[in-house]
Amino acid sequence: MPHLTQNAQACAARLRAGHLVAMPTETVYGLAADACQEAAVQRVFELKGRPSSNPLIVHLERQEQAEHWASTVPAAARRLMEAFWPGPLTLVLPARDEVSRCVTAGQDSVALRVPAHPMARALLAAFDGGLVAPSANRYMSISPTSAGHVAQQFPDSDLWILDGGACGVGLESSIVSLLPGDAPRLLRRGMLPRASLEAVIGQPLEDKAGGLRTPGQHHRHYAPATPALAFVQPPVHAIASPRCGWLWCGQPLPCQGPALDLGDDPKAYAAGLYAALYQLDALGLEHLYIQLPPADEAWAAIHDRLARASQRLA
Ligand code: AMP
Ligand code: MG
């Protein structure tokens, strides 16, 4: 059975001994391991059921530690770090030779982030090194935003979970790559506005991944077990069915089945999305219907996750 704790010192000792620990971050809970112990990093892939071709993000306590992992830190990266670290931004930079290729999935680039959650910071300070920490869920299922979600994902493990309550941001970090000979790219949308990132680096961000492998960007991802359908117009037959669940975005209609309304504010919606999916998924419904939010920029990361969690109704 997983063990919930609030003792960051004890969790740091577990990590040093090569064990895994789930840690809260402001985005989602991460399954942490010492990024310098290959056996521990491998256990992260095993426990998640994640393919080893899918690289991991190294979490650090302080910006200065980036130099221990990246061979060069370009000026644009420094400006982004100053502006958004600690926070929900991951930077992909050229990796130093010493960085385990288990962590980078064989690539010569490494992804780095300094999380803002006070308990993640306490754990990183006590640990004093880099921690890989992909989302603490089985591969392809919903990312956890509470200690309870993590325990539910790994019920048979003896995993220690540092319980830091509900995650404030609720969606995975924005990922920007800044590699020599390539344009700056936004590899994954997060809740940081694209325009704010571009303003700091002083140039537009490209979208596509170029020659970089960025697995974890599969079409099906972040998905509940219940077949989920995203709609603009709710289908009438489903409204009348008690076996259909509903996730509304500020304009709920009266319906027979269980329903949650996450409201029309993108930040609050993002913070509540995965918990709502866990809750509705547990009901064993026939279908889950998700009302699509407005098609504007503030909702871009949410649209990205909903597209991976559901099929869109015409
Ligand atoms: P997560 O699943 O939240 O741990 O995020 C990991 C994701 O970050 C991966 O699936 C990739 O999309 C991206 N990523 C991590 N490391 C690298 C890297 N070295 N190069 C390119 N993308 C990376
Ligand atoms: Mg994940």
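Observations on the model:
- Taking amide H as placed 1.01 Å from N in the peptide plane, residue 285 has no amide H partner under 5 Å among residues 5 or more places away or on another chain.
- Highest-MSF residue in the chain out of 232, 150, 92 [GNM, Cα springs under 10 Å]: 232
- Between segment 155-198 and segment 245-314, the Cα center-to-center distance that results, in Å: 20 Å
- For the chain, the Kirkwood radius over C-alpha pairs fed into Stokes-Einstein at 4 °C and 1.567 mPa s yields D = 65 µm² per second.
- The Rg/Rh ratio for segment 36-116 is 0.98, where Rg is the radius of gyration of the alpha carbons and Rh is the Kirkwood radius.
- Taking a Cβ cut-off of under 14 Å around residue 100, the surrounding Lys, Arg, Asp and Glu residues balance to a net charge of -2, with basic ones at +1 and acidic ones at -1.
- Under a Gaussian network description of the chain, with springs only between Cα atoms under 10 Å, the residue in 275, 199, 32 that fluctuates furthest is 199.
- When the Gaussian network model of the chain links Cα atoms closer than 10 Å, the mean-square fluctuations of 77, 13, 120 top out at 13.
- For the pair residue 298 and residue 7, a Förster radius of 30 Å applied to the C-beta separation gives a FRET efficiency near 0.20, rounded to the nearest 0.05.
Laboratory data are not the source of any read-out in this text; all were calculated from the coordinates shown. Worth saying up front: this structure is predicted, and the values here are computed from it rather than measured. Glycine also receives a Cβ, built like all others from the backbone with ideal geometry; neighbour counts cover every protein chain displayed.
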